[in-house]
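In what follows, a single structure is set out as structure tokens and then discussed.
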Amino acid sequence: MADTSVRISAETRDRFKALADSRGKSLASYLDELSQQAENQERLGQATAFFDGALDPETVEAFDAHYGGLPAGARASHRAA
């Protein structure tokens, strides 16, 4: 992995560093973990949209009612697609 620089405020850097430290990680490994989580969330959103598109709305609503559905913020961005 090649090293690079990204400009962020010292306050943001310090917050990320504190979070990394609290997890026993280096800042670089913590930021890598965050990027992997973001990629996973994106793929989950795509899979959710595909799932919803393959089913009729009543089935999606029944599934959500039974299993709790997505969090409100995720529902607005993924269910509307």
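The values are calculated or read from the model by the stated rules, or taken from the named source; none is laboratory data. Remember, it's a predicted structure, so these values are computed and weren't measured experimentally. Note that we place each Cβ from the backbone using ideal geometry, even for glycine, and neighbour counts take in every protein chain shown. Note: areas computed on protein heavy atoms with side chains; ligands, DNA, RNA excluded. Shrake-Rupley method; radii C 1.70, N 1.55, O 1.52, S 1.80 Å.
Structure values in brief
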| item | result |
| --- | --- |
| Which of V6, V60 is most accessible, then next, and so on - probe 1.4 Å | V6, V60 |
| Pairwise FRET efficiency - I8 versus Q41, Cβ, R0 = 22 Å, nearest 0.05 | 0.55 |
| Cα-Cα separations in the stretch 3-58 greater than 14 Å, expressed as whole percent | 67 |
| Largest to smallest accessible area among F50, F16, F63 [probe 1.4 Å] | F50, F63, F16 |
| Cα→Cβ-extended label distance, 7 Å offset, between F16 and L31, nm | 0.4 |
